Structure formats: C-alpha cells, structure tokens
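Contents: one structure, followed by commentary.
The values are calculated or read from the model by the stated rules, or taken from the named source; none is laboratory data. Small disclaimer: the values here were computed from a predicted structure and weren't measured. Please note: Cβ atoms are built from the backbone with ideal geometry, for glycine as well, and neighbour counts cover all protein chains shown. Only protein heavy atoms, including side chains, enter the accessible area calculation; ligands, DNA and RNA are left aside. Shrake-Rupley method; radii C 1.70, N 1.55, O 1.52, S 1.80 Å.
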Amino acid sequence: MNAITLRHYTHADRAAIRSTLIDIHAALPESDPGDPFTARFPWFVDHWTGSPGFTCVIAYDEEAPAGFAYGAPLADGREWWRGHTEPTAGRTSTYGVSELAVGARWRKTGLSARVHDALLGGRPEALAVLLVDSEHPKVQALYEVWGYRKVGERRPFPDSPLFAVMLRTLP
C-alpha cells in the first residue's frame, strides 16, 4: 500500500466525485448489482450530494480511489433516530453518516477509521448517526469501538435490509 491521501469534498463537488463514489461502491465484494436495493446506489449518491450540507472524504492510494465516507446534517427536529431514543436535552443536532466504504485491498489497514474520523472531524453537530446492516455484526462491533451505540432497528425502504440504528456523541 502506498501513501494514502484523504481529500475533502462538499456539495459543490458533487458532479466531480459522483462517478468515483459509484465506481468504488460497485467494486466492493459485497456489492450485488442484481440486488434492487444495491442497484439504487446512484440514486442515494444523488440524494445525499444534493444536500447543501453534504461533505465527503475520499481516500486515494496514489491516484487510485481506495474508499470514501459521506453524509450531511439532518434537519433539526426531523432526525430519524428520534423514534428510538430520547435525545440529550439541548444536544440534538445530528450529522447523518450515509456511507462508509473501503475497497477490499485496503481493508484491515485502519483506513476505514481514518476516513470516518476525517469525515466527522470538526463537525459542529452534537451527534452522529448511521445505519448498519444487522446481518453484519462485525461491522456493528467496529462502530461500537468508535463510540457508537445501537439505539434501535429500522428498515427505511421495503427492499432494504434491516439496519441497526447507531448513535454517537460528537466532541
């Protein structure tokens, strides 16, 4: 593995990074193009990058994209995790981590933690929330090491997996 660089992007960069995000996701070993939910990934990219608060970190191994994480602030008062737990008084602003993906070659190198931490570093929100496929307990355990706690489960779309809803306080 060569020197990894992390590059930060915003809503203004959405057109420039769209294909990179889609290509990294399509190359993941668990990405099944025959699965209707997985096949909608480009729609999810367009949805999230369309948010004015969208931020993204892409990791590059030299010039080869190795992984990414992205998300955006959730609308105050409409955070979808609220149905699972009571918010801490006065500390409810939430950043939604939508996706974190690292290519197979870069797994178990600490890159996912680097990309995740770079995405959330300096965020003004009080909380971060994400969903983890409940059939991947090792991934859920990794997020728990990073300070998240499971607060419930949800299936956001009829064809989506059942996800663990995980919430973390930000510094």
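Could you order the peptides 143-156, 56-69, 108-121 from most to least packed, using the average number of other C-beta atoms within 10 Å per residue?
56-69, 108-121, 143-156
So how do GLU99, GLU125 rank on accessible area, 1.4 Å probe, biggest first, that is with the largest at the start?
Values: GLU99 45, GLU125 20 Å².
Ranked list, largest accessible area first: GLU99, GLU125.
For region 19-171, what is the percent of antiparallel DSSP beta bridges, rounded to the nearest 5? Walk me through the numbers on the way to the answer.
Details: 27 of 30 bridges.
Taking every DSSP beta bridge with both residues in region 19-171, the antiparallel ones total about 90 percent.
What percentage of all Cα-Cα pairs in the chain are separated by more than 25 Å?
Distances greater than 25 Å cover 29 percent of the Cα pairs.
Can you give me the relative contact order of region 123-171 as a percent, contacts being Cα pairs under 8 Å and 6 or more apart?
51 percent
Local charge sum around GLY103 (other residues, Cβ-Cβ under 15 Å, Lys/Arg +1, Asp/Glu -1)?
Overall, the nearby charge balance is -2.
How tilted is helix 111-120 with respect to the longest principal axis of the chain? Cα atoms for both, answer in degrees (0 to 90, nearest 10).
Around 50 degrees separate the two axes.
Please say if region 100-161 is rounded, prolate or oblate, where rounded means a/c under 1.5 for a ≥ b ≥ c the square roots of the C-alpha gyration tensor eigenvalues, and otherwise the choice is prolate for a/b larger than b/c and oblate otherwise?
Here region 100-161 falls in the oblate category.
Could you give the nm distance between label points at ASP32 and ALA126, where each point is 7 Å from its Cα heading toward the beta carbon?
Placing both labels 7 Å along Cα→Cβ, they lie 4.0 nm apart.
Pull out the extension gain between LEU142 and LYS108, defined as 0.36 nm times the separation in residues minus the alpha carbon to alpha carbon distance; nm, one decimal.
Extending this stretch completely gives an extra 11.1 nm.
Between THR5 and SER93, what is the spin-label point distance in nm, taking each point 7 Å from the Cα along the Cα→C-beta axis?
For the pair THR5/SER93, the computed spacing is 3.1 nm.
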